[in-house]
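A.B. asks: Below: one structure in structure tokens.
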Amino acid sequence: MDDELERIRKEKLTKLMNDDVPVVGTFPIAELTELDEQTFEGFVGQSGIVVIDLWAAWCAPCRTMEPIMKQLAKEWSGQVLFGKLNIDQYPRIAMKYQVSSIPNFLVFQDGKYLGNVVGAVGKKPFDKLFKQIVSGELNKREGYT
């Protein structure tokens, strides 16, 4: 089964690359990248800001946030990478980050876990958060170095 998943992943990446979607490493920019337990660590380890949308198919607020995440991915292209992970299929990640409610958005910078945003909060809180991270304001206020 792992070979089949790898084949599908490679086909999708090839299609994305042929569609002239810019990529970082093997991950597309300006897209909401589907992740699994095998690709999660590599994705969050990318340099810069990375947001992971933890969701489930049965979660109505999660479905509400998906178009917002796609819009943010386009608007913050080149500055923020966006991924999504179905916690029903890959519960270990949710357990690792002590996620008890969804939607839940894990935020990383240069591979370091900064924290999370919980709930269907809309677009503005993310724009504000990204501006704070990019400007260094968040690190100064929270004592991060």
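A.B. asks: Scan F108, F126, F130 and give me the residue that is assigned to a helix (DSSP H, G or I), in contact with a Leu (Cβ under 7 Å, 6 or more places away or on another chain), modelled with pLDDT of 90 or more and not basic (K, R).
C.D. replies: None of the others qualify; the one that does is F126.
A.B. asks: What number of residues within the range 101-130 satisfy the criterion of being more than 17 Å from I49 (Cα to Cα) and surrounded by 13 or more Cβ atoms within 10 Å (Cβ to Cβ)?
C.D. replies: 6
A.B. asks: Something else: Inside the range 68-84, can you point out the residues that are in a helix (DSSP H, G or I) and out of contact with any Leu (no Cβ under 8 Å at 6 or more places or on another chain)?
C.D. replies: I68, Q71, L72, K74, E75
A.B. asks: Considering only the range 86-111, state which residues are of a type outside the set (S, T, N, Q) and on the phi > 0 side of the Ramachandran plot.
C.D. replies: D110, G111, listed by residue number.
A.B. asks: Further question: Of the conditions (1) surrounded by 12 or more Cβ atoms within 10 Å (Cβ to Cβ); (2) more than 13 Å from the chain's Cα centre (by Cα); (3) farther than 17 Å from E31 by Cβ, Q98 satisfies every one except a single condition; which number is it?
C.D. replies: Result: Q98 fails condition (1) only.
A.B. asks: Looking at the range 63-82 only, could you name the residues that are surrounded by 14 or more Cβ atoms within 10 Å (Cβ to Cβ), more than 15 Å from F130 (Cβ to Cβ) and in contact (Cβ under 8 Å) with a residue 40 or more places away in the chain?
C.D. replies: Across the range 63-82, the qualifying residue is only M65.
A.B. asks: Is there a residue in the range 83-92 that is surrounded by 14 or more Cβ atoms within 10 Å (Cβ to Cβ), closer than 18 Å to D127 by Cα and not basic (K, R)?
C.D. replies: Yes - at least one qualifying residue is present in the range 83-92.
A.B. asks: Restricting attention to the range 83-93, which residues are of a type outside the set (D, E, K, R) and within 25 Å of K128 (Cα to Cα)?
C.D. replies: Scanning the range 83-93 gives G83, L85.
The values are calculated or read from the model by the stated rules, or taken from the named source; none is laboratory data. Bear in mind that the values here come from a model prediction, so they are computed numbers and not experimental data. Every residue, glycine among them, receives a Cβ derived from its backbone with ideal geometry; neighbour counts consider all protein chains shown.
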